[in-house]
Structure formats: C-alpha cells, structure tokens
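**Student:** I have a structure I would like to understand better, so I am pasting it below and will then ask my questions one at a time.
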Amino acid sequence: MRETRSTCAYCGVGCGVIIESEGPRITGVRGDPDHPANFGRLCSKGASLHLTAQPEVLASRRLLQPQWREDRAQAWQASGWDEVQDRLVARLLALRAAHGPEALGFYVSGQLLTEDYHAFNKLARGLWGTPHIDSNSRLCMSSAVVGYKKALGADAPPCSYEDVERADCLFIAGSNTAWAHPVLFRRIEAAKAARPGLRIIVVDPRRTETAEFADLHLALRPGSDVALFQGLLHVMIWQGWIRADYIAAHTEGFEAVREAVRAMTPARAAQLCGLPEAQIIEAAQLFAQSPATLSLYCMGLNQSSAGTDKNQALIQLHLATGQIGRPGTGPFSLTGQPNAMGGREAGGMATLLPGHRDPASAVDRAEVARLWGVEQIPDRPGKTAVEMFEAAEAGEIKALWIACTDPAQSLPRQSLVRAALQRCELVVLQDAFTGSATAEFAHVLLPAATWGEKEGTVTNSERRISRVRAAVPPPGDARTDWQIVRDLARRLEPALRPGQPRLFDWNHPAEAWLEHRAATRGRDLDITGLSYAGLEVAPQQWPCPAGAAQGRARLYEDGRFATDSGRARFLPIAWRAPAEPLTVERPLQLSTGRLRDQWHSLSRSGTVPAAFASAPAPRLGLHPEELARHGLRQDELVAVESARGTLHVRVAADPQLGLRQAWLPMHWGSEYLLGRDEEGAAMHGVNSLSQDARCPDSAQPELKFAAIRLRRV
Ligand code: SF4
C-alpha cells in the first residue's frame, strides 16, 4: 500500500489528507495529522473521498475519452486526443477568422488547481487575446474580494484559523459553518469547550446548527445585513465603544460614515431587521468590548445584490473598534471552494490579473505581458460570469470553453444560460465526470483528471498554499487540466505566434507554478520565498517573500494597510432592500444553500450512497406554520413559481426557518427537480427559480433571495 499526502477536493477549509492506494486504485483516505488546517480531522465529505474513486464510479460516472459531435443532433463520437485537438484547433481558428478573438469566452472553476488557472488565463489573455475569462468563483466570493479591496486595499483575508482559538468573541454572519465548513466548526466547538467564556454571535435568518450553538442568534430579516451592521456601528459610536485612537491613526473617511449611520438608530435597525433592539445593543457591546473579536462570513453576505456593501459594512465594524491586526481579531471571509483563493491569486477572473493586478490598469497589464513574454494582453476587464452568458445569448460571444463546472445547472436565470449555450456555435466542456446538464449543449467533451490523480497547489481561506498530489494515474485517456490547456495552446501557437518562442513550454505543473510565483514578486501576496519542494514538506501562508522563514499568519499588525495612503478606508454605505421585493403575488423569500454531506451539483459527492442518508432527495423547507397556512402536508408535491420559471418539488416542515421564508438545497438537478421556464422549456434544478440581479461592484448574483409563490399540484 502506498500513502500520498494531498488536500481535500471539497471546501475552502483546505484539509490535508493522506490517500491510501494500491497500484492504480485508491483504497482509502484519512486526515493528515500534520496539516495545520485540520490536524487529522475530516468531515463526512472528506472522509468519503476515496469512495468517489472506486472502479464502479470510474466505469459509470467518469469521462474517459475525448468525444466530439459536429452538431447537437448527432451522437457522440469517441476520439483520440490528437484528432480531437486538431479538429478543435481548426474550429477555433475558423471562429477567430470570422469573428475575432473576443468571440471566445472561458468559464472555469474554483475546483481547478492554481496551475490550471494559470494555464487557462495565459491561454485566454496571453495567447488567444480575449479578456473573457471568469470563474464560478464569481458566484462564491467576488463580493468578499471587492469588499477587502475597497476597505483594506487588497484582496487578502487578514486572519488565520488559529485566530478562532485566540478570539474572545466570534461573530459569524451568513455562514452555516457547521455544515459548509465542518472541520472549522469542530475547531469552534473545541475553542468553546476549552474556554466557555468565548461568546459566539450568529447572524442568520435561519436557526441553523451553527445558530443553535451560538450564545446570541440574530435571526434577522433576509437581506437586512447592512442595516444590522450600520445599527451596530451606530450603537458603538454613540455608546463610546469605538477606538478613536485606532481610527485616527490608521483609517480615513470615518466622519462621513459616522454621518451615514447617524439615522440608523437601534430602533430603526431593529425595525428593518425584525430584531429586538436589545439584541442589537448586546451584539454591539460584545463585538466592540470583547478583548478580541473575529468575524467569519460566507455566502449569506456574498451572494447578494448588495454583497460588497455587506462585506464593507462588516469590515468597518472591525476598523471602528480596532478589532483587526491582533491575534483573535479581524474580518475573515470563508471561501466555499477548495481553490477560489488560488484563482484570485492567479488572476483567473474577468476583473483580476495575476498577482492581484488589475486589468483596468495599463501598468498592471504591461507587467503581466512582460511576465508572460507577450506583446500585450486585452486592454480591459472581461465579462463576468452572467455577463458572459448574456453576451453569448445576444450572439456576441460565439464559443464557450467551460472547465470543471456545470453552468446549465448552477448559474442563475437558467432560461438565459440555456439559450446562451444553445446559441453558441461551439461549446467545449472539460470535465472529469459525465452527465452534467451542460454536456447536453456541448460539441466537445475533454476528459479531465481529478482528485487523487493530479499534481498542483491550492490556497485555502487562510491564505495557506497546500500541495495536491497524484496517488494514481488518471483513468482512461483523462489528462490533467493544465496539460489539456498546454497541448491545445501548443497547437495554436504556430498560427497565432509564428516563429516566436513557446509560451507553454511546461512538462510539469511546477513550471507553471514558477511562472505564477514570479507574478507575485513585490506584490501583497509575494510567495517568492516558497518552493514546490518546500510546499511538499509543509503548507505555507502567503505572503512569504524571498528570505522569509515562513508565511505570515496575520496581516496589518502594524496598522498599515494596502491602500496608497496606508490607511484603511471607511466608505459611506446606504442600506437597500434585495432586488426582488416580496409581493402579494409572490409572498415567500427563497434562499438556497449547501447540505452537510453534499457538494455542488452532485457530480462527485453524488457517487457516494451514504451521502444521501441524511437527505435522500431535495425538499423545499417551510416553517410549520407556513406549511399549515398554505394547507400543505409534509412531503406534498408543490409547484414553486418565481418570475423566471416553475419547479416541482416536495415540501417539508423546517422549524429553522422564519415565516415567509423557504429554503432549498442547491445540489439536485433534473433527476429530482425538473423546472420549466415561462415558455415551458425544461430547466435543471433550483436555479430555474433564482435571479440574476447582481451586486454592482462585484457582479455576484443574488442567489439568497428570490420572490416565490407555491401552488398545489
Ligand atoms: Fe474537506 Fe472541507 Fe470537510 Fe475539510 S471541512 S474535509 S476541506 S469538505
């Protein structure tokens, strides 16, 4: 038996695992006791990863050969790599000749490794010349990115998981940590057991398992987070609980924010949030006056049409009270996916460039072009996730190359996404698994390697870079994602850069990583002090510049921020209601989220029968009184109608929810949840109902709030 140290493929906690294998077969997995993210712990998903790599899964659920069809009416034809690459290159070059480079868009994934992200970004912007590359991380943490940049000057979570053990108050907002980041939650439980004086405040409309564990649960009205945070700041200011010395020494813009929150009295905030005034005052005091307050936040803040405002308003609480830059303090955004952070670092998103550079900056673009050895890169940010599909639906983007994600199930406003895919002249889908909703729109399927089969790096929520390692070779003809990109790029280079040096002269992911590392030199995320070999020994946090003994656990300890002035910024924010109001016609608020044992669209976790034990099928959760008010029985089938479409699903009483709230897990597709759009066309899953209203700063869609009504069927 062989043992291989690697990293879990699921969430942003980034737990270290030890993969057990015999020959070409993965036989087991256990937590890595030496990994600082988990110290040997694994949750149910991580502990069953080996089951997703069993022979029966490989045979039935994995994409094992490249496949091609000229049009969607044809049957798939299995093909060799050489043949499919030649055909793909010919199609792409013909498309480019007819419509220009910007007719191609890339939609990638926070599941990809940093090396994969670098390869895709260099292909899209450096070789092909399109700015249109975005990631499903747009749906996950783009509001956190912009919130950090606006307030602190850089997209850098300033905290570490060890701060959980150093905090006196945990302020958990919009995060069901117990289910979405279970190993981190075990750490919270252990911290509370060790120090019962640790106070835990949870901000969530639902009384989740996380809220159940809290000392104070603020069950606010969905979408009222900014009003709550401003109400807290109002109380802190007028009670004298702020740190005037810290504000004066390290921030700018406070006076304008002080005026902006003047009218958000506790009474007003209580009214908007549907909370008792006393709870707001208690939370403000705990946050401000605890010796060390750490906030943890996730999709409840990010997936909102006011996502950036929510992030900023929370960060401002830390700035006003000096709860930042010390052990146990700071605003800590939790990433959903295993490598959303690495994608941000590699600049694999429409609004980012490598090394936290900005595609709107001519200086930054010139630096990236020099690093990559190309004359120039596209001179502006590209289209963000939903915008890219809007452009495809409008006929502006003619081809999409999609990797490691299933937009035909996971993007909001499915009718638009499906019309966009249908209209594309060419859809390339690079994936490890078969059966995705997007596959029915594809012309080319490229089989990708996945967990346990590929080498690279990922970065978790606390800026810690860990190695991902191959325990076994990929099955069939599957190849690693960076290799697939490199091989296509090499075939394109003679046509696009005749006679010039190769851009993709890599034979190992370490070579791609070294290019990524070079792009961080002198930047806030400088990792020039790290080596691939060193990461094999111990995961490290960034920054870790050349000469540093190890990475930094905490940022802004000297009170100097990443802005031009070195001061953190207070920016006035106005609370606004969610984009789609509840009405007499559609009186219920629908939110979506993750179950404890499942992951995304079930492609991987759905291969593990035990993952269905706690929730065999999707149910629309409703408060028992809401169920009764609608005259519905447990498990009764209903039609759920939003302005975008209709979905048929069974209902279940859920006392965690408030009145006028409904909740659906996000995982299931057409097997269980066949939806119809306004014109009767079939759609997959919960996003038949969700809306594409998005945050104006981050372009993150509002997946936590859609107005719905129920109809008995
Ligand atoms: Fe994997 Fe996240 Fe569970 Fe850790 S907490 S084992 S990273 S799913």
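The values are calculated or read from the model by the stated rules, or taken from the named source; none is laboratory data. Because the structure is predicted, anything quoted here is derived from the model rather than measured. All Cβ positions, glycine included, derive from the backbone under ideal geometry; neighbour counts span all protein chains shown.
**Student:** Which of the helices (runs of 4 or more DSSP H) contained wholly in segment 439-552 include at least 2 residues that are touching a His at 6+ places or on another chain (Cβ under 8 Å)?
**Tutor:** On the way: elements: 481-496, 509-519, 532-537.
Where helices (runs of 4 or more DSSP H) fall fully within segment 439-552 and carry at least 2 residues being touching a His at 6+ places or on another chain (Cβ under 8 Å), they are 509-519.
**Student:** Could you say whether any residue in segment 17-32 is away from the ligand (no atom under 16 Å from the Cβ) and of a type in the set (Gly, Ala, Ser)?
**Tutor:** Looking for residues that are away from the ligand (no atom under 16 Å from the Cβ) and of a type in the set (Gly, Ala, Ser), one finds at least one in segment 17-32, hence yes.
**Student:** Is one or more of the residues making up segment 30-37 closer than 30 Å to LEU445 by Cα, out of contact with any Cys (no Cβ under 8 Å at 6 or more places or on another chain) and crowded, with 16+ Cβ neighbours inside 10 Å?
**Tutor:** Residues of segment 30-37 that are closer than 30 Å to LEU445 by Cα, as a first pass: none.
Within segment 30-37, not a single residue is closer than 30 Å to LEU445 by Cα, out of contact with any Cys (no Cβ under 8 Å at 6 or more places or on another chain) and crowded, with 16+ Cβ neighbours inside 10 Å.
**Student:** For segment 48-68, give me each residue that is part of a helix (DSSP H, G or I) and either more than 20 Å from ALA613 (Cβ to Cβ) or out of contact with any Leu (no Cβ under 8 Å at 6 or more places or on another chain) (or both). Quick ask: steps written out before the conclusion?
**Tutor:** Narrowing segment 48-68 to residues part of a helix (DSSP H, G or I): 49-53, 55-61.
Once the filter is applied, which keeps residues that are part of a helix (DSSP H, G or I) and either more than 20 Å from ALA613 (Cβ to Cβ) or out of contact with any Leu (no Cβ under 8 Å at 6 or more places or on another chain) (or both), segment 48-68 yields LEU49, HIS50, LEU51, THR52, ALA53, PRO55, GLU56, LEU58, ALA59, SER60, ARG61.
**Student:** Testing HIS50 on (1) within 29 Å of the chain's Cα centre (by Cα); (2) over 30 Å from LEU104 (Cα atoms); (3) away from the ligand (no atom under 16 Å from the Cβ), one condition comes back false. Which one is that?
**Tutor:** (3)
**Student:** When residues of segment 23-46 are filtered for being among the charged types (D, E, K, R) and touching a helix residue (DSSP H, G or I) at 6+ places or on another chain (Cβ under 9 Å), how many remain? Please lay out each step first, then the result.
**Tutor:** Taking segment 23-46 as the starting set, the residues that turn out to be among the charged types (D, E, K, R) are 25, 30, 32, 34, 41, 45.
Subsequent filtering for residues that are touching a helix residue (DSSP H, G or I) at 6+ places or on another chain (Cβ under 9 Å) retains 25, 30, 41, 45.
Matching residues across segment 23-46 total 4.
**Student:** Sticking with this structure for a sec: Could you identify the single residue in GLY231, GLY223 that is surrounded by 22 or more Cβ atoms within 10 Å (Cβ to Cβ) and under 25 Å from the mean Cα position of the chain (by Cα)? Walk me through it before giving the result.
**Tutor:** Numbers: GLY231 fails: under 25 Å from the mean Cα position of the chain (by Cα).
Answer to the selection: GLY223.
**Student:** Scan segment 525-537 and tell me whether some residue there is among the aromatic types (Phe, Trp, Tyr) and surrounded by fewer than 21 Cβ atoms within 10 Å (Cβ to Cβ).
**Tutor:** Within segment 525-537, one or more residues are among the aromatic types (Phe, Trp, Tyr) and surrounded by fewer than 21 Cβ atoms within 10 Å (Cβ to Cβ).
**Student:** Please specify each residue of segment 246-263 satisfying the condition of being in contact (Cβ under 8 Å) with a residue 40 or more places away in the chain and in a helix (DSSP H, G or I).
**Tutor:** From segment 246-263, those in contact (Cβ under 8 Å) with a residue 40 or more places away in the chain are 246-247, 249-254, 256-257, 259-260; that's our starting set.
Passing the criteria: TYR246, ILE247, ALA249, HIS250, PHE254, ALA256, VAL257, GLU259, ALA260.
**Student:** Oh, and also: Output the helices (runs of 4 or more DSSP H) that fall wholly within segment 317-396 and possess 2 or more residues being over 20 Å from GLU462 (Cα atoms), or say none.
**Tutor:** Details: elements: 340-346, 362-372, 385-393.
Answer list for segment 317-396: 362-372, 385-393.
**Student:** Scan the helices (runs of 4 or more DSSP H) fully inside segment 155-214 and keep the ones with 3 or more residues being surrounded by fewer than 18 Cβ atoms within 10 Å (Cβ to Cβ), assigned by TED's automatic domain parsing to the domain that holds SER290 and modelled with pLDDT of 95 or more.
**Tutor:** Details: elements: 163-166, 177-180, 182-194, 209-212.
It comes to 182-194.
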